[in-house]
1. So which residues in segment 348-365 are buried (at least 20 other Cβ atoms within 10 Å of the Cβ) and either among the polar types (S, T, N, Q) or farther than 17 Å from Ser267 by Cα (or both)?
2. With the requirement that a residue be in contact with a Gly (Cβ under 7 Å, 6 or more places away or on another chain) and exposed (fewer than 15 other Cβ atoms within 10 Å of the Cβ), what does segment 386-445 give you?
3. Hey, could you check segment 560-610 for residues that are crowded, with 19+ Cβ neighbours inside 10 Å, of a type outside the set (Gly, Ala, Ser) and in a loop (DSSP other than H, G, I, E, B) and say which is modelled with the highest pLDDT?
4. Please state which of the following conditions Arg212 fails to meet, knowing it meets all the rest: (1) surrounded by fewer than 24 Cβ atoms within 10 Å (Cβ to Cβ); (2) within 28 Å of Lys312 (Cα to Cα).
5. Restricted to segment 236-248, and to residues that are outside any helix (DSSP H, G or I) and at pLDDT 95 or above, which residue is surrounded by the most Cβ atoms within 10 Å (Cβ to Cβ)?
6. Please indicate, with yes or no, whether at least one residue in segment 221-230 is at pLDDT 95 or above, touching a Cys at 6+ places or on another chain (Cβ under 8 Å) and on the phi < 0 side of the Ramachandran plot.
7. If a residue has to be under 15 Å from Thr425 (Cα atoms), part of a helix (DSSP H, G or I) and either in contact with a Lys or Arg (Cβ under 7 Å, 6 or more places away or on another chain) or hydroxyl-bearing (Ser, Thr, Tyr) (or both) to count, how many in segment 452-464 make the cut?
8. Residues of segment 150-162 being surrounded by 24 or more Cβ atoms within 10 Å (Cβ to Cβ) and either at pLDDT below 85 or in contact with a strand residue (DSSP E or B) (Cβ under 6 Å, 6 or more places away or on another chain) (or both), which ones?
Amino acid sequence: MASIEALPVETIYHIVDMCAEETIIDTELSTKAQWAWAQTSRRSYATIYTLIRPTVKGTPLHYAIMNGHRDILEFLVEVGVDPHIPSTRLCLDCYEPGAFYALHMAISHSKIKGAAQLLIEKLGAYKTLKGRYAFGLEERMLARHDLDASVRGSYGCTPLFDAVSCGRLKTVKSLLQRPEADASIAGRNGHTPLHEAVEISNLPIVEVLLQRPEVDVTTTDDDKCTPLHRAAFHAAVDITKLLLEQPGVDVASSDSEGMTPLHQAISGRTHIFWHCKGGDTEAKISDLVDEALENIKILLAHPEMNAGLHDKKGLTPLHQACLIGDWEVAELLLQRGDVDPNARALNGQKPLHVAVSCTSSRALKLVGRLLEQPGVEITDCDFDGRTILHYIGGSLPKDWETTPIVETALREGVPIDQISTNGLTALHQTINAGNYPFANLLLSLGADPMVSKRFKYNNSLLHLCFKYHPFYEQHRDEVVEKLIAEGIEINTYTDSPLTDFDADWDEPEIDEGMRHESVEGLQSMILANGMDCTPLMLTVTESMKIESMKMLLNAGADPNAHVTIRQRKHGKIRDHRVAFLSGVLYQAWKDGPSDYSIDPIDEHLKLLLEHGSRIDFDGPGDSPLQEACKASEDRYEAFLETLLDHSTARNVSQEHVRELICEYEKKPEHEKVLAELRAFEDRIFSN
């Protein structure tokens with residue numbers, strides 16, 4: 001049987017065309033592009049093969065093995081199909097859901113003698129998906145005189161780009177010998193092959209590419225990053241050295257965020273841990289961290305280095321080091337004459353401010369070092385009047401003891417209740433960040449929670465407390481108790497705009513205007529939710545904490561406070577006033593009615609009914625009871641069941657129940673709902 005590479009190229013293209021529509025190959029690509037990509041890519045769907053997937057979830061290879069068709073099996077093996085495409089429900093004794101591979105079938109079920117050996121020897125089949133094999137087509141195809149190596153494949157990438165991405169030095173060299181090969185053509189994300197080689201830290205390929213006259217080390221990708229930016233980020237020491245030797249390289253060039261290679265190198269130190277595999281030893285991680293530090297030293301030693309440049313957020317490399325509590329890098333920077341320890345970012349943050357916002361235990365030593373610098377004062381504020389206390393509390397809880405620094409700041413004259421231009425004291429900033437342990441510390445030191453009573457979109461401190469489910473519930477509840485004891489208003493309403501976040505729940509894009517503020521070094525919750533409500537509503541829909549609801553109800557929260565829901569229809573935003581329980585239901589049923597959505601809030605609903613929440617409504621919209629009945633029509637019965645089982649005459653008027661009974665007497669197809677309403681009326685109004 002003739003092998004596929006012996007066929008004319010046009011025939012190969014035609015074969016792939018016939019298969020493309022029913023395979024997992026990208027159908028939007030030209031067949032020629034698919035073939036070019038297939039020569040070098042390791043991805044499972046990038047090699048030419050027949051992958052027709054019928055509705056019963058099996059490839060031809062699976063069926064050839066299962067049904068004993070040796071001739072078809074041999075043909076598919078010769079073509080070079082991928083044996084690692086999973087089928088579904090063809091091997092019922094396989095205990096790996098969805099991972100029924102051809103080799104498993106050949107071993108356990110095949111009627112063809114030697115099928116498993118054929119798969120292993122010819123296709124490199126293996127039992128698990130730990131990697132991908134090239135199946136031996138690559139070098140034979142590269143030898144063809146009619147191969148066009150300049151054809152772009154998936155994402156617009158050439159075979160050279162894909163070979164670089166896979167780290168295949170031999171293939172890269174072979175492709176570069178072809179006259180049509182161009183090592184400057186960019187692929188995905190605007191990366192050139194040089195960017196890609198740096199991205200995977202492959203020094204031999206970088207060296208080969210740098211010998212090409214068309215390769216320009218100053219070329220930027222879609223993020224305006226040069227190869228030097230990427231080498232700096234990935235701590236590729238030898239590559240960084242090599243790039244710095246190239247003519248025209250700019251060690252101070254900035255990317256789309258204004259970050260220099262030095263900024264990127266410092267930022268990359270935090271990513272080392274993310275990219276280390278779970279089995280890596282502490283020693284290996286330590287080596288990687290040391291390499292990153294060595295990379296930074298190489299950049300700092302460059303004669304054209306300016307280590308005091310600001311990015312678009314106004315952050316210098318020293319700010320960047322302080323944000324992550326990088327004591328070693330900060331120490332290197334503080335020894336330089338071009339680094340200002342008093343440099344300010346866009347909002348006026350000094351390195352000291354961002355250092356105290358860092359959660360790492362390393363930050364404490366760094367803070368002490370900064371306070372030793374000339375001109376750095378613990379009383380310094382940013383442009384908006386935020387003190388060091390705002391920055392300590394305005395981020396996540398710390399792994400270091402904050403009390404000594406706080407006491408020092410207060411002793412040196414930092415006002416504990418200083419209000420920023422956004423109306424936040426340090427306590428408010430802390431609650432806005434969800435840092436309740438620090439909020440309790442400030443309250444114990446005399447912070448006044450009532451200095452400001454309203455915030456963005458008319459949120460109160462109680463609204464802020466219940467916006468999200470916190471990591472420190474006990475500390476949050478203690479703060480709420482203290483606020484209630486101080487006499488904070490319980491039944492205040494927000495005035496929240498409708499945002500794109502509310503309009504599109506599949507892929508919401510968070511506009512920074514939805515937050516209280518957007519300041520580097522500070523956490524800020526999303527305040528806009530398209531609904532005007534009291535804090536009580538948030539104990540059901542966001543914090544999901546029934547103890548919090550009990551606290552507010554016992555303090556006088558109104559279980560019948562109406563809710564205003566904003567919705568966009570036909571390009572216009574309309575306000576809908578609804579009952580409290582309808583507001584709860586609106587949040588629970590964002591994606592449509594379901595019993596599953598009621599289960600998590602069932603106890604909350606019972607508590608609200610116990611405290612007198614009404615299931616009728618005097619407004620223009622449906623009452624909670626009407627909504628429950630309509631859901632029950634579609635067999636979502638949990639909400640109606642809760643309302644009917646736990647309501648009394650205190651929760652609904654007999655007139656409203658009678659109206660619904662009359663309505664359902666006209667709907668014989670929903671006799672179950674009618675029977676439940678009649679039984680409910682008899683039970684609570686019989687006397």
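The values are calculated or read from the model by the stated rules, or taken from the named source; none is laboratory data. Just so you know, these numbers come straight off a predicted model, no measurement behind them. Cβ placement follows ideal geometry from the backbone for every residue including glycine, while neighbour counts extend to all protein chains displayed.
1. First, the residues of segment 348-365 that are buried (at least 20 other Cβ atoms within 10 Å of the Cβ): 349-358, 363-364.
Gln349, Lys350, Leu352, His353, Val356, Ser357, Leu364 - these are the residues of segment 348-365 that are buried (at least 20 other Cβ atoms within 10 Å of the Cβ) and either among the polar types (S, T, N, Q) or farther than 17 Å from Ser267 by Cα (or both).
2. Thr421, the sole residue that qualifies.
3. Ile598
4. The number of the failed condition is (2).
5. First, pick out the residues of segment 236-248 that are outside any helix (DSSP H, G or I): 236, 245-248.
When the remaining residues are screened for being at pLDDT 95 or above, the result is 245-246.
Working: Glu245: 10, Gln246: 14.
Checking each candidate, the answer is Gln246.
6. No - not one qualifying residue is present in segment 221-230.
7. Going through segment 452-464 one residue at a time, the tally reaches 0.
8. Initially, segment 150-162 is screened for residues surrounded by 24 or more Cβ atoms within 10 Å (Cβ to Cβ), giving 153, 157-162.
If the condition is that a residue be surrounded by 24 or more Cβ atoms within 10 Å (Cβ to Cβ) and either at pLDDT below 85 or in contact with a strand residue (DSSP E or B) (Cβ under 6 Å, 6 or more places away or on another chain) (or both), then Gly153, Cys157, Thr158, Pro159, Asp162 are the ones that fit.
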